[in-house]
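Single-structure report; data block below.
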Amino acid sequence: MLVDGTPHRTVDWADGQLLLIDQPVLPHEFRIWRTDDHREAAVAISTMIVRGAGAIGAAGAFGMALASRQAPDSSFDQYMKDAATTLANTRPTAQNLFGGINAVRAAIEGAGGGARPDDARDAALAAARAWADADAAACESIGRHGAELLQDGWGVSTHCNAGWLAFVDWGSALSPVYAASRAGKSLQVFVDETRPRGQGSRLTAWELGSEGVDHVVIADNAFGHLASHGEIQAVITGSDRVARNGDVANKIGTFGHAVIARHLGIPFYVALPAATIDPDCPSGADIPIEERGGDEVHYTWGVDDDGAFRRVRTSPASSGARNPAFDVTPGGLVDGLITEHGVFPATDDGVGRILTCARAQTD
Ligand code: MRU
């Protein structure tokens, strides 16, 4: 996507370095963060310099490519095993992270691993690039399929950021909005603020503004009121992991929106590349839900009127906090899974059909 007329990918590679768009400083500054060390890449994932399922999947894949360049020939295989563990231990919920790491591991093994370290290094980078390209292509297709579900003049709600900043390019939930909007449909997007980290107000709003899509930021708890007054005709969220039975893990707060949408008869769609499906996870109850530090709840941050970054506490110093980062929406509340292969029911059968399409694509 374009930032001030220049094309950017959220996760990229240049001159032997991993390049990330530094997300915590958005929307106030646009900075590129770089490293040639896989351990720093892991820290960038855990501290959410890069976040969003597709983006951390690509960062994990390029992190493995970095590690392959750091690995000594004499202990190549052990070094890569440890690097995979370091990168995988950063965040537990998004399936794409493990997919990206494992794709590069498989390529390294296929190239001979420590027996042929230079070949393995070439294979690692090629696999990471292929993983990132596939993420961008899948998201573009999600846009084509999802745009058909959106009608001119609709209000569309989204939660968190599942736009291009959460993937390599295009995004999942926002890709249909971008495609519909570029096709001339006029939409208004209701952007949930998404407490506690504000991915909606900081990132989704910035993306939509850059693309010229009409939008308003709303407090998370304003959704039910606005939807019940006829202002919202569809909800599209992303997902961090989809279980085999169609249950969907996404940013905390998604489940409540799905319940309200079903109550009001508003279609609730979840957009995802097939790489977000965990074929080994039977149901939502088996998805590990990350619980982050309480300071994300106690504090907020932004720029003051003089443009200085400030972090301020909003709760009593003596109060505790709980901070589950994701929740699970049962597949029964989801009206369709929008994927690069089309729109499918959020059921065991629907997920099975997506996986079949995905296998056919790679065979
Ligand atoms: O904690 P984050 O910001 O990495 O959250 C992940 C997400 O971006 C959302 O849950 C999103 O809706 C699905 S991932 C594209």
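The values are calculated or read from the model by the stated rules, or taken from the named source; none is laboratory data. Because the structure is predicted, anything quoted here is derived from the model rather than measured. Cβ coordinates were reconstructed from backbone atoms using ideal geometry, including for glycine residues, and neighbour counts include every protein chain displayed. Just the protein is used for accessible areas: all its heavy atoms, side chains included, with ligands, DNA and RNA removed. Shrake-Rupley method; radii C 1.70, N 1.55, O 1.52, S 1.80 Å.
Points worth noting:
- The residue that is surrounded by the fewest Cβ atoms within 10 Å (Cβ to Cβ), among those in region 34-48 that are hydroxyl-bearing (Ser, Thr, Tyr) and within 15 Å of the ligand (Cβ to nearest atom), is Thr47.
- Any hit, region 3-13, residues being of a type in the set (Val, Ile, Thr), assigned to a helix (DSSP H, G or I) and open to solvent by 60 Å² or more (accessible area, probe 1.4 Å): no
- You will find that of Val259, Val191, the residue that is β-branched (Val, Ile, Thr) and touching a strand residue (DSSP E or B) at 6+ places or on another chain (Cβ under 8 Å) is Val191 and no other.
- Selection within region 149-162 - surrounded by fewer than 24 Cβ atoms within 10 Å (Cβ to Cβ) and at positive phi: Gly153
- Matching residues in region 98-148 - criterion: being among the acidic types (Asp, Glu) and surrounded by 18 or more Cβ atoms within 10 Å (Cβ to Cβ): Asp135
- Of all residue pairs spaced 6 or more apart or on separate chains, those with beta-carbon atoms under 7 Å, a first member in region 287-303 that is over 18 Å from Gly320 (Cα atoms) and a second member that is of a type in the set (Val, Ile, Thr) are Ile287/Thr93; Ile287/Val328; Pro288/Thr93; Ile289/Thr93.
Yes/no matrix, rows are residues, columns are (1) within 16 Å of the ligand (Cβ to nearest atom); (2) open to solvent by less than 10 Å² (accessible area, probe 1.4 Å); (3) among the charged types (D, E, K, R):
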{"residue": "Ser228", "(1), (2), (3)": "no, no, no"}
{"residue": "Gln233", "(1), (2), (3)": "no, no, no"}
{"residue": "Gly238", "(1), (2), (3)": "yes, yes, no"}
{"residue": "Val242", "(1), (2), (3)": "yes, yes, no"}
{"residue": "Val259", "(1), (2), (3)": "no, no, no"}
{"residue": "Tyr269", "(1), (2), (3)": "yes, no, no"}
{"residue": "Arg292", "(1), (2), (3)": "yes, no, yes"}
{"residue": "Glu296", "(1), (2), (3)": "yes, no, yes"}
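- Considering Arg359, Arg322, the condition of being without any contact (Cβ under 8 Å) to a residue 60 or more places away in the chain and closer than 22 Å to Asp135 by Cα is satisfied by Arg359 alone.
Residues are listed down the side, and each one gets a yes or a no for (1) surrounded by fewer than 14 Cβ atoms within 10 Å (Cβ to Cβ); (2) in the same structural domain as Asp286 (by TED's automatic domain parsing); (3) in contact with a Leu (Cβ under 6 Å, 6 or more places away or on another chain); (4) of a type in the set (D, E, K, R):
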{"site": "Arg313", "(1), (2), (3), (4)": "yes, yes, no, yes"}
{"site": "Pro316", "(1), (2), (3), (4)": "yes, yes, no, no"}
{"site": "Ser319", "(1), (2), (3), (4)": "yes, yes, no, no"}
{"site": "Pro324", "(1), (2), (3), (4)": "yes, yes, no, no"}
{"site": "Thr329", "(1), (2), (3), (4)": "no, yes, no, no"}
{"site": "Val334", "(1), (2), (3), (4)": "no, yes, no, no"}
{"site": "Val343", "(1), (2), (3), (4)": "no, yes, no, no"}
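- Candidate set: region 163-195, residues that are of a type in the set (Gly, Ala, Ser) and open to solvent by 10 Å² or more (accessible area, probe 1.4 Å); chosen: the one nearest to the ligand (Cβ to nearest atom): Ala179
- Verdict on Gly265 being touching a residue at least 12 places away in the same chain (Cβ under 8 Å) and loosely packed, with under 14 Cβ neighbours inside 10 Å: no
This table checks each residue for (1) within 21 Å of Cys357 (Cβ to Cβ); (2) outside the structural domain of His229 (by TED's automatic domain parsing); (3) of a type in the set (Asp, Glu).
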residue: Ala115; (1), (2), (3): no, yes, no
residue: Leu125; (1), (2), (3): no, yes, no
residue: Ala130; (1), (2), (3): yes, yes, no
residue: His145; (1), (2), (3): yes, yes, no
residue: Gly155; (1), (2), (3): no, no, no
residue: Trp164; (1), (2), (3): no, no, no
residue: Pro176; (1), (2), (3): yes, no, no
residue: Thr204; (1), (2), (3): no, no, no
residue: Leu208; (1), (2), (3): no, no, no
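- Among the residues of region 244-257, just one is more than 29 Å from Thr362 (Cα to Cα) and either free of Cβ contacts under 8 Å to residues at least 24 places away in the same chain or more than 13 Å from the ligand (Cβ to nearest atom) (or both), namely Gly256.
- Against the numbered list (1) within 18 Å of Gly100 (Cα to Cα); (2) in contact (Cβ under 8 Å) with a residue 60 or more places away in the chain, Ile45 comes up short only at (2).
- Restricting attention to region 229-260, the residues that are over 12 Å from Leu333 (Cβ atoms), among the hydroxyl-bearing types (Ser, Thr, Tyr) and out of contact with any helix residue (DSSP H, G or I) (no Cβ under 6 Å at 6 or more places or on another chain) add up to 0.
- Restricting Arg121, Arg105 to those that are out of contact with any strand residue (DSSP E or B) (no Cβ under 8 Å at 6 or more places or on another chain), more than 16 Å from the ligand (Cβ to nearest atom), among the charged types (D, E, K, R) and more than 23 Å from Gly52 (Cβ to Cβ) reduces the list to Arg121.
- Subset of region 49-82 [buried (at least 19 other Cβ atoms within 10 Å of the Cβ) and either outside any helix (DSSP H, G or I) or outside the structural domain of Ile101 (by TED's automatic domain parsing) (or both)]: Ile49, Val50, Arg51, Gly52, Ala71
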